[in-house]
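**Q** Below: one structure in structure tokens.
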Amino acid sequence: TLSWYEAIVFCNKLSKLCELEPCYSLILEESGEATTDVDDWGDIPSSENSSWNIQCDFTKNGYRLPTEAEWEFAARGGNPGSEEWGYAYSGAQTSLFGTLKPSETTMDSGMDTVGWYINNLGGTTSEKPPSTYEAGYSTHEVGMKTANSLGLYDMSGNVREFCWDFHAIITTSAETEENPTGSEEAKDGQVVRGGSWFYNPGYSVVSYRASMCPKIKNKHTG
């Protein structure tokens, strides 16, 4: 369990450990200077808007979170001309596609093949979600379901995944831009994608977007 901010810190630490160039820098409030040294960043900022002071240099070769565009490209299988590109889930289609809503609780065989969600945890399926956090109702080991065509597992379900982007309405210009890196002005938390074990299958549809405060953490996002 970790927050978006802690994930950013981890990326810079791992980059330094591997002798790579850190991608993230934080603008220090006291001096206004930017630094990639997380030892100077301090604890998780108390401000909900702490992520606004963090910048990403995409020219560096260190570790970083995917942009929202990169995440969706990977989740859809990487080939816009393939049938899989239009699948509801990463690596699987569903008979409910077109009518599926995020609050949908109906069992779905397509989602069952590629990811964990509230109805199919513990190795069995049930029409009734658990009322308590029983054993098995948590994240599962990666790779226990079917991968998509890129060999990526659990892009739908299991755990919601942090992206770099600030959450904002996707504009027409962003839709046509090549490899967009997200809005620079949004103030509605960070983008999370993919749904999780905690939610119904509608939240795991590849196109579904959600946001999360950069300092918050829970059992089903990471």
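The values are calculated or read from the model by the stated rules, or taken from the named source; none is laboratory data. This one's a predicted model, so the numbers in the text were calculated from it and none came from an experiment. Ideal geometry is used to build each Cβ from the backbone, glycine not excepted, and the neighbour counts take in all protein chains shown. Ligands, DNA and RNA are stripped out before the accessible areas are found, and what is left, the full protein with its side chains, is counted by its heavy atoms. Shrake-Rupley method; radii C 1.70, N 1.55, O 1.52, S 1.80 Å.
**Q** Looking at segment 57-69 only, could you name the residues that are open to solvent by less than 70 Å² (accessible area, probe 1.4 Å), touching a residue at least 40 places away in the same chain (Cβ under 8 Å) and in a loop (DSSP other than H, G, I, E, B)? Give the derivation first.
**A** Going residue by residue through segment 57-69, those that are open to solvent by less than 70 Å² (accessible area, probe 1.4 Å) are 57, 62, 65-69.
Next, only the ones that are touching a residue at least 40 places away in the same chain (Cβ under 8 Å) stay: 62, 65-69.
Listed by number, the residues that qualify are Gly62, Leu65, Pro66, Thr67.
**Q** Any residue at all in segment 200-213 that is modelled with pLDDT under 90, open to solvent by less than 80 Å² (accessible area, probe 1.4 Å) and assigned to a loop (DSSP other than H, G, I, E, B)?
**A** yes
**Q** Now for a separate question. May I ask you to list the residues in segment 140-156 that are at pLDDT below 95 and within 16 Å of Trp71 (Cβ to Cβ)?
**A** The one that is at pLDDT below 95 and within 16 Å of Trp71 (Cβ to Cβ): Val142.
**Q** Being assigned to a helix (DSSP H, G or I) and modelled with pLDDT of 90 or more is the filter; apply it to segment 106-126 and report the residue that is most open to solvent (accessible area, probe 1.4 Å). Walk me through how you get there before you give the answer.
**A** So the first thing to find is which residues in segment 106-126 are assigned to a helix (DSSP H, G or I), and the list is 109-114, 121-123.
After this cut, where a residue has to be modelled with pLDDT of 90 or more as well, the list is 113-114.
Details: Thr113: 66, Val114: 3 Å².
Residue satisfying both the conditions and the ranking: Thr113.
**Q** Sticking with this structure for a sec: Looking for something open to solvent by 30 Å² or more (accessible area, probe 1.4 Å), assigned to a loop (DSSP other than H, G, I, E, B) and over 26 Å from Gly195 (Cα atoms) - is there at least one such residue anywhere in segment 70-87?
**A** First, the residues of segment 70-87 that are open to solvent by 30 Å² or more (accessible area, probe 1.4 Å): 70, 72-73, 76, 79-83, 85-87.
With the extra rule that they be assigned to a loop (DSSP other than H, G, I, E, B), the set shrinks to 76, 79-82, 87.
Imposing the further condition that a residue be over 26 Å from Gly195 (Cα atoms) reduces the set to none.
No, there is no match, as no residue in segment 70-87 is open to solvent by 30 Å² or more (accessible area, probe 1.4 Å), assigned to a loop (DSSP other than H, G, I, E, B) and over 26 Å from Gly195 (Cα atoms).
**Q** Any idea which of (1) over 20 Å from Gln93 (Cα atoms); (2) open to solvent by less than 70 Å² (accessible area, probe 1.4 Å); (3) modelled with pLDDT under 90; (4) in contact with a helix residue (DSSP H, G or I) (Cβ under 9 Å, 6 or more places away or on another chain) is the one Lys187 doesn't satisfy?
**A** Among (1) over 20 Å from Gln93 (Cα atoms); (2) open to solvent by less than 70 Å² (accessible area, probe 1.4 Å); (3) modelled with pLDDT under 90; (4) in contact with a helix residue (DSSP H, G or I) (Cβ under 9 Å, 6 or more places away or on another chain), Lys187 violates only (2).
**Q** To continue, here is another question. Go through segment 1-15 and report how many residues are closer than 16 Å to Asp40 by Cβ and polar (S, T, N, Q).
**A** Within segment 1-15, residues that are closer than 16 Å to Asp40 by Cβ and polar (S, T, N, Q) number 2.
**Q** Which condition breaks for Tyr89 when tested against (1) among the hydroxyl-bearing types (Ser, Thr, Tyr); (2) farther than 25 Å from Gly151 by Cβ; (3) modelled with pLDDT of 85 or more?
**A** (2) is the only condition that Tyr89 fails.
**Q** Which ones in segment 149-162 are surrounded by fewer than 24 Cβ atoms within 10 Å (Cβ to Cβ) and in contact with a helix residue (DSSP H, G or I) (Cβ under 7 Å, 6 or more places away or on another chain)?
**A** Passing the criteria: Ser149, Leu150, Leu152, Glu161.
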